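J.: Quick one: structure below, then a few questions.
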Amino acid sequence: MTQKRASMADVARIAGVSAQTVSRVVNASPRVDPATRARVEEAMARSGYRIHRAARALRTGRSGTIGVVVSTLATVGNSLMLEAVTDAAAARDHDVAVVTLGAGDAADALARLNEQGVDGVVVINEASALVRSADLPADLRLVVVDSPPDDRFAGVETDHAGGAATATAHLIAHGHRVVSHIAGPASSYAAAERERGWRESLERAGRPVGALVRGAWTSASGYEAATALLEAGSLGTAVFVANDQMALGALRALAEHGARVPEDVSVVGFDDVDDAANYRPPLTTVRQHFDRLGAQAVLALLDGADDDPATRPATVRTVMPAPLVVRASTGPAPA
């Protein structure tokens, strides 16, 4: 005998909610509180209920797919951010279509995603600079991760400047007078904000602004930048590095030059990637909550997606805190 396919009524009965609430969950409506959504999703799993995407698209005019635009997946931060957005989209029963730009045309990428009928697009990190300068489709809903304010789209970002300032203040509090900086690419908004936090923290403390060398977010570029600072004699007794991957390269350069961490030089990174706690020594770093960033980006994209484009808010900005995680790579300045 063929088993009867589970219905919304079956799900509603198991979850103890109305069929209307189940319908809202099925159609990814933001008007369901998280606890109720979780109960309905559990009931769907228990009953074997499957969402018919094509039927939902006909009912709602929404495809159940969001686009993601990213410049490259070669950096750890971009990969983690994509994973976070994908997980958050899946939790809202949405698929993800990814476009990697490289040096490509952002306007063309957005137009292609729009033609595919995506419900909106999340733009990640460095790709935001390309999108800001592009002609944007008027009917395409956008959320941009890490971008200056723009009236054309909503934004989500980490408090890069605040996190960098806290990291630098931590080094100052340990008596370091010269704090150098291995920065990210000049084209990166996040890198610019982290540089700003480092610089402003030193200026507030009345300390000289240390030397700056730029890297490319990779451990190899961090190694090269730290080597350049060491050979120029401008590293100082502490260095704030704009991400953990470059900090890994910097630790190698310091070890090769006979500099002990943290006895001779203190090192702080940014991101708190999973491996940071297992660096040698374990890395003091600023934590980015990638999972929360992804969830907020998807929420901002889908919340109110059914509203009239002429009236719904598009410029909401959310800034996530970036706490310092202190480990063994920082200590008092050498006497």
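The values are calculated or read from the model by the stated rules, or taken from the named source; none is laboratory data. Remember, it's a predicted structure, so these values are computed and weren't measured experimentally. All Cβ positions, even for glycine, are placed from backbone atoms using ideal geometry, and neighbour counts span all protein chains on display. Accessible surface areas use protein heavy atoms only, side chains included; no ligands, DNA or RNA. Shrake-Rupley method; radii C 1.70, N 1.55, O 1.52, S 1.80 Å.
J.: Among the residues of region 216-231, is there at least one that is open to solvent by less than 20 Å² (accessible area, probe 1.4 Å) and under 19 Å from GLN296 (Cβ atoms)?
T.: For region 216-231, residues open to solvent by less than 20 Å² (accessible area, probe 1.4 Å) and under 19 Å from GLN296 (Cβ atoms): absent.
J.: Moving on. If you take the residues of region 137-154 that are in contact with a strand residue (DSSP E or B) (Cβ under 8 Å, 6 or more places away or on another chain) and farther than 17 Å from SER71 by Cβ, which of them is surrounded by the fewest Cβ atoms within 10 Å (Cβ to Cβ)?
T.: So the residue we want is PRO149.
J.: Could you identify the single residue in VAL178, VAL241 that is buried (at least 18 other Cβ atoms within 10 Å of the Cβ), β-branched (Val, Ile, Thr) and within 24 Å of ALA84 (Cβ to Cβ)? Before the answer, list the steps.
T.: Details: VAL178 fails: within 24 Å of ALA84 (Cβ to Cβ).
Testing whether each residue is buried (at least 18 other Cβ atoms within 10 Å of the Cβ), β-branched (Val, Ile, Thr) and within 24 Å of ALA84 (Cβ to Cβ) leaves just VAL241.
J.: Here is a follow-up. Check whether at least one residue in region 64-71 is closer than 22 Å to LEU140 by Cα, at pLDDT below 90 and not in a strand (DSSP E or B), and report yes or no. Lay out the reasoning, then the answer.
T.: We begin by selecting, within region 64-71, every residue closer than 22 Å to LEU140 by Cα; these are 64-71.
Filter once more, so that each one left must be at pLDDT below 90: 64, 71.
With the extra rule that they be not in a strand (DSSP E or B), the set shrinks to 64, 71.
Checked against the condition, which is being closer than 22 Å to LEU140 by Cα, at pLDDT below 90 and not in a strand (DSSP E or B), region 64-71 yields at least one hit.
J.: Let me ask another. Kindly indicate whether ASP272 is buried (at least 17 other Cβ atoms within 10 Å of the Cβ) and either in contact with a Lys or Arg (Cβ under 6 Å, 6 or more places away or on another chain) or in contact (Cβ under 8 Å) with a residue 60 or more places away in the chain (or both).
T.: Values: buried (at least 17 other Cβ atoms within 10 Å of the Cβ): yes; either in contact with a Lys or Arg (Cβ under 6 Å, 6 or more places away or on another chain) or in contact (Cβ under 8 Å) with a residue 60 or more places away in the chain (or both): yes.
For ASP272, the condition - buried (at least 17 other Cβ atoms within 10 Å of the Cβ) and either in contact with a Lys or Arg (Cβ under 6 Å, 6 or more places away or on another chain) or in contact (Cβ under 8 Å) with a residue 60 or more places away in the chain (or both) - is met.
J.: Could you tell me which of the residues ALA84, ALA109, ALA89, ALA35 is under 19 Å from PRO137 (Cβ atoms) and modelled with pLDDT of 85 or more?
T.: Working: ALA84 fails: under 19 Å from PRO137 (Cβ atoms); ALA89 fails: under 19 Å from PRO137 (Cβ atoms); ALA35 fails: under 19 Å from PRO137 (Cβ atoms).
Within the list ALA84, ALA109, ALA89, ALA35, the selection yields ALA109.
J.: Quick check on ASP119: is it crowded, with 21+ Cβ neighbours inside 10 Å, more than 19 Å from the chain's Cα centre (by Cα), farther than 19 Å from LEU73 by Cα and of a type in the set (Asp, Glu)?
T.: When the stated conditions are applied, ASP119 passes them.
J.: Filter region 195-214 down to residues that are part of a helix (DSSP H, G or I) and of a type in the set (D, E, K, R) and give me whichever is farthest from ALA225 (Cα to Cα). Outline the logic, then answer.
T.: To start, the set of residues in region 195-214 that are part of a helix (DSSP H, G or I) comprises 195-204.
Going one step further and asking which of them are of a type in the set (D, E, K, R), we end up with 195-196, 199-200, 203-204.
Numbers: GLU195: 15, ARG196: 19, ARG199: 18, GLU200: 22, GLU203: 23, ARG204: 26 Å.
Step by step, filter region 195-214, then rank; the result is ARG204.
J.: Going residue by residue through region 196-215, is there one that turns out to be in contact (Cβ under 8 Å) with a residue 40 or more places away in the chain, open to solvent by 10 Å² or more (accessible area, probe 1.4 Å) and of a type in the set (D, E, K, R)? Lay out the reasoning, then the answer.
T.: Of region 196-215, the ones in contact (Cβ under 8 Å) with a residue 40 or more places away in the chain are 198.
Those left that are additionally open to solvent by 10 Å² or more (accessible area, probe 1.4 Å): none.
Taking every residue of region 196-215 in turn, none turns out to be in contact (Cβ under 8 Å) with a residue 40 or more places away in the chain, open to solvent by 10 Å² or more (accessible area, probe 1.4 Å) and of a type in the set (D, E, K, R).
J.: Hey, another quick one. Would you tally the residues in region 252-287 being hydrophobic (A, V, I, L, M, F, W, C) and at positive phi?
T.: Taking region 252-287 first, the residues hydrophobic (A, V, I, L, M, F, W, C) are 253-255, 259, 261, 265, 267-268, 270, 273, 276-277, 283, 286.
From what is left, the residues that are at positive phi are none.
Count: 0.
J.: Can ALA91 be described as closer than 26 Å to ARG24 by Cα and either of a type in the set (A, V, I, L, M) or in contact with a Phe, Trp or Tyr (Cβ under 6 Å, 6 or more places away or on another chain) (or both)?
T.: On the way: closer than 26 Å to ARG24 by Cα: yes; either of a type in the set (A, V, I, L, M) or in contact with a Phe, Trp or Tyr (Cβ under 6 Å, 6 or more places away or on another chain) (or both): yes.
Against the criterion (closer than 26 Å to ARG24 by Cα and either of a type in the set (A, V, I, L, M) or in contact with a Phe, Trp or Tyr (Cβ under 6 Å, 6 or more places away or on another chain) (or both)), ALA91 qualifies.
J.: Could I ask something else about it? Tell me which residues, restricted to region 251-274, are part of a helix (DSSP H, G or I) and of a type in the set (Lys, Arg).
T.: Residues of region 251-274 part of a helix (DSSP H, G or I): 251-256, 274.
Across region 251-274, the qualifying residue is only ARG252.
J.: State which residue is surrounded by the most Cβ atoms within 10 Å (Cβ to Cβ) when the search covers only region 18-42 and only residues that are closer than 20 Å to ASP95 by Cα and of a type in the set (Gly, Ala, Ser).
T.: ALA28
J.: Moving on. Output the residues belonging to region 166-183 that are in contact (Cβ under 8 Å) with a residue 60 or more places away in the chain and not hydroxyl-bearing (Ser, Thr, Tyr). Let's see the steps before the verdict.
T.: Applying the first criterion (in contact (Cβ under 8 Å) with a residue 60 or more places away in the chain) to region 166-183 yields 166-168, 170-171, 174-182.
Once the filter is applied, which keeps residues that are in contact (Cβ under 8 Å) with a residue 60 or more places away in the chain and not hydroxyl-bearing (Ser, Thr, Tyr), region 166-183 yields ALA167, HIS170, LEU171, HIS174, GLY175, HIS176, ARG177, VAL178, VAL179, HIS181, ILE182.
J.: If you don't mind, there's one more thing I want to ask. Pairs under 6 Å by beta carbon, first residue farther than 19 Å from THR218 by Cβ in region 71-100, partner hydroxyl-bearing (Ser, Thr, Tyr) and modelled with pLDDT of 90 or more, six or more apart or different chains?
T.: ASP95/THR65; VAL96/THR86; ALA97/THR65
J.: Any idea which of (1) crowded, with 19+ Cβ neighbours inside 10 Å; (2) part of a loop (DSSP other than H, G, I, E, B) is the one PRO282 doesn't satisfy?
T.: (1)
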